[in-house]
Every structure is written in structure tokens, then in C-alpha cells.
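Working notes, structure below.
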Ligand SMILES: Cc1cc2nc3c(=O)[nH]c(=O)nc-3n(C[C@H](O)[C@H](O)[C@H](O)COP(=O)(O)OP(=O)(O)OC[C@H]3O[C@@H](n4cnc5c(N)ncnc54)[C@H](O)[C@@H]3O)c2cc1C
């Protein structure tokens, strides 16, 4: 059965996110981004609205509204401030994977704090200076301490919220080479031996926090292990399947905002005695952008629904993330074009949308990696 109607719960989450995005996120978004100002207060307000654990069970403090509701929220938030939105997305993802793979004690220790705003954010520490796409070759090590705990050594790169998170999920090698020798660990902030690097100076999303993390003989207790020893790579892959939906949805939000800005501008600006909106070349740009964003939205909603039904969705998530993020980049580029020279200066918001959107085809698996995932699943069938 195909039903394009949203449930009452999904509508409620969408409306809550939309209202908050328009009234609270949008007004200061450009300024925060320009100054690189982390949106701590806003994140806490969003936690109060249930937006940090949209797909987290109520018994752990979450909203339990499902995956479709989550991506709808990410679309609304992304349209206003994608720095805040990516931070929200990673926190939701971290809360979800602790719920899925953690023990009752681990869940109780961290998830209520993640979803309530007691922790400003959660962080996901997989990428390293020597490996991003090829995450299974990571070099950080975790060895057993005499007391049964763990000692971690290594460096993580480009970690969203790395300097502000209450808890990090970090991956390290506990066994042989490749994916089968990797384990996942819960690392609370301020663990001795956890060294936070300087903040990256990014092209866009500058109000999000991106740092390197060094583990220098960092000691963790035995119960820091998330899931089973040497089985942690699967946790990362499961998390990324869901994370890709969040990034794809956020990109659609950025694209929607860029398209709306282009429509508004095209109705105002006159050239050759006509509104830009009356030139067919401009109309076609708007039409292509609207069509591509709509197609992206359907792909994201389908993959989100499959996840919600607990059905396989890896290929669909990769297709949705690939298409949505590439479409959103095209939409933002066209929006700058429609604005002419004004699209290139920060008096108008489209230059921010263009910069903010660029990273969406890179993180949570670059476009090339999504194509590898899709092709592998086609060829294995
Ligand atoms: C702002 C920001 C925030 C981030 N946040 C996080 C985070 O919170 N946690 C985290 O763990 N990581 C994070 N990352 C890291 C991000 O996921 C990686 O940058 C990404 O996975 C790409 O890895 P890389 O940069 O090492 O590029 P590389 O892996 O070196 O790839 C370089 C290029 O080559 C392509 N490529 C690589 N292998 C192949 C191949 N086999 N075939 C064809 N093309 C290939 C890639 O697609 C890419 O275009 C973040 C990155 C940024 C920029």
C-alpha cells in the first residue's frame, strides 16, 4: 500500500520543527555561521521539544515518533540553520545506536542525557587523518589493561561536536586488520587522555563544531565497550545507514530554502523590462530544482519508512543520500545563479546555503562511496 499522507504524530513533529526553525533558528543563522558561534542554547531548547531523540524509545526519554518523523524534522531544521541541524543529526544518531547496541546500564547512563540536553551533543568518532572513506583500515588501537579495562591510542579527524559532546562513540582496533578487528567504545567527555584539537576553519556550517581528537593512553573501564569485541565495525555501518537519511533530509531542507529564495528574488528583480520570473531560462531552473527536490524527498521518505519497518534499507539509504545531496547542491548553485552578483555576497542567504550544502556530498560517506554501496548491492543480488 502506498500512502502519501502523514500520520498525526509525523505532522506534529514536522510542525514543531518548522515553527522552531522559523522563529528561533533562522533569525540568527547567518550571523552565527559567520562568527562560528556554537548554538548551545538553541540545542538545549530543541532537546526540550523532543528533537534530540525523535526515534528514541520513550522509556529512555526519547520522543519515539519514528524515522519518517525524524527525517521530516531534519528537512525543516536544515532549511533554517544546517550547522545546528548537523549537530542535532549526530546527537540523534548517537542516541539511537547506544539504544540499539548498548546494555541497559550503558543506555541509562547516556541516552537520557543526550535526549534531554543535559549533554549538549553526542559525537561519532570514526574518521582518522589516514582514513575516511576506507574506515575499516583505521589505525587507533585499544588494548586490554591489566584490570580488564581498555587503553586507547590514536587520532580521530573531523569529529562533529568533538569539543562539546557529553559522550563520544569511538572506534578502535582490538584485533587483526580489516573490519573484523574493530570495536566500538563509549568515551565520556573529560576522560583523562582525551585531547581535543583545534577547531577546523570550514567552508560552511561554521557554527557546528569540528575538531580532531587524540586518545593518548586514554584509559576506559571494561564496560566502555559498546557491543561485542571485534564486532564494532557493523555498529558504525548501521549508524551510517541511518545517519545518511539525516544528512540527505538536511540537504533537502537547504535546497528548499535556496529554491524559495530564488523564487522570491525572481519575482522582484527586473531585467530587459521583465521580471526574472518571466524569462523562460529562469523558470526552467526553478522547475528543475523543484522536481529534483521532490524526487529526493520521496527517496528519503521511502528509505526512512523501510528503516521504521525494520526492513533492509542500506541500498535505499545510499540512493537517497546520493541523490538528495547532489540534487541539493545543484539547487543551491542554481539559486546563486538566479541571484546573479547578489548571490555571491552575504547580503542574501543563498551564498550560505551554497557553502553549507557542499559538505553533504562528502560526510556520512561521500557520493563515490554511496555509488560503491549501491553497485555492490546490485552486483551481489
Ligand atoms: C565538516 C565535517 C564533519 C565531519 N564529521 C564527522 C564526524 O562527526 N565523524 C566522523 O567520523 N567523520 C566525520 N567527517 C569525516 C567525513 O566522513 C570524511 O571526510 C569522509 O568520509 C571522506 O573521507 P576523507 O575526507 O578521508 O576522504 P578520502 O577517503 O581520502 O576520499 C577522498 C576522495 O576520494 C574519493 N574516494 C575514496 N575512495 C574511493 C574509491 N574507492 N573509489 C572512488 N572514489 C574514492 C572520496 O569519495 C573522496 O571524494 C566529517 C567531515 C567534515 C568535512
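The values are calculated or read from the model by the stated rules, or taken from the named source; none is laboratory data. Predicted model only: the values in this text are computed from it and were never measured. For neighbour counting, all protein chains shown are included, and Cβ atoms are generated from backbone atoms with ideal geometry for every residue, glycine included.
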Inset, instruction - Answer yes if at least one residue in the stretch 33-40 is outside the structural domain of residue 184 (by TED's automatic domain parsing), within 15 Å of the ligand (Cβ to nearest atom) and touching a strand residue (DSSP E or B) at 6+ places or on another chain (Cβ under 8 Å), and no otherwise. - result: yes
Inset, instruction - Take residue 179 and decide whether it is on the phi < 0 side of the Ramachandran plot, modelled with pLDDT of 95 or more and in contact with a strand residue (DSSP E or B) (Cβ under 8 Å, 6 or more places away or on another chain). - result: no
Legend entry - Filter result for residue 60 (touching a residue at least 40 places away in the same chain (Cβ under 8 Å) and within 16 Å of the ligand (Cβ to nearest atom)): no
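Out of the residues in the stretch 105-138 that are surrounded by fewer than 16 Cβ atoms within 10 Å (Cβ to Cβ) and closer than 17 Å to residue 187 by Cα, which is nearest to the ligand (Cβ to nearest atom)? Show your work before the answer.
We begin by selecting, within the stretch 105-138, every residue surrounded by fewer than 16 Cβ atoms within 10 Å (Cβ to Cβ); these are 105, 108, 118, 129-131, 133-134, 137.
When the remaining residues are screened for being closer than 17 Å to residue 187 by Cα, the result is 105, 108, 118.
Numbers: 105: 25, 108: 24, 118: 20 Å.
By that ranking, first place goes to 118.
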Inset, instruction - May I ask you to verify whether residue 144 is surrounded by fewer than 24 Cβ atoms within 10 Å (Cβ to Cβ) and in contact with a strand residue (DSSP E or B) (Cβ under 9 Å, 6 or more places away or on another chain)? - result: yes
Inset, instruction - Test residue 237 against the criterion of being in contact with a helix residue (DSSP H, G or I) (Cβ under 9 Å, 6 or more places away or on another chain), under 22 Å from residue 160 (Cα atoms) and surrounded by fewer than 20 Cβ atoms within 10 Å (Cβ to Cβ), and give yes or no. - result: yes
Inset, instruction - Say whether the condition of being without any contact (Cβ under 8 Å) to a residue 12 or more places away in the chain, more than 26 Å from residue 298 (Cα to Cα) and either buried (at least 22 other Cβ atoms within 10 Å of the Cβ) or more than 15 Å from the ligand (Cβ to nearest atom) (or both) is met by at least one residue in the stretch 64-83. - result: no
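With the structure loaded, tell me whether residue 52 is in contact with a helix residue (DSSP H, G or I) (Cβ under 8 Å, 6 or more places away or on another chain), at pLDDT 95 or above, buried (at least 24 other Cβ atoms within 10 Å of the Cβ) and not in a loop (DSSP other than H, G, I, E, B) or whether it fails that test. I'd like the intermediate steps shown before the answer.
Values: in contact with a helix residue (DSSP H, G or I) (Cβ under 8 Å, 6 or more places away or on another chain): yes; at pLDDT 95 or above: yes; buried (at least 24 other Cβ atoms within 10 Å of the Cβ): yes; not in a loop (DSSP other than H, G, I, E, B): no.
Taking the combined requirement at face value, the residue does not satisfy it.
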Inset, instruction - Being assigned to a helix (DSSP H, G or I), surrounded by fewer than 22 Cβ atoms within 10 Å (Cβ to Cβ) and under 20 Å from the mean Cα position of the chain (by Cα) is the filter here, so list the residues in the stretch 25-40 that pass it. - result: 30, 32, 40
Legend entry - Considering residues of the stretch 133-146 that are in contact (Cβ under 8 Å) with a residue 60 or more places away in the chain and assigned to a loop (DSSP other than H, G, I, E, B) only, the residue nearest to residue 63 (Cα to Cα): 133
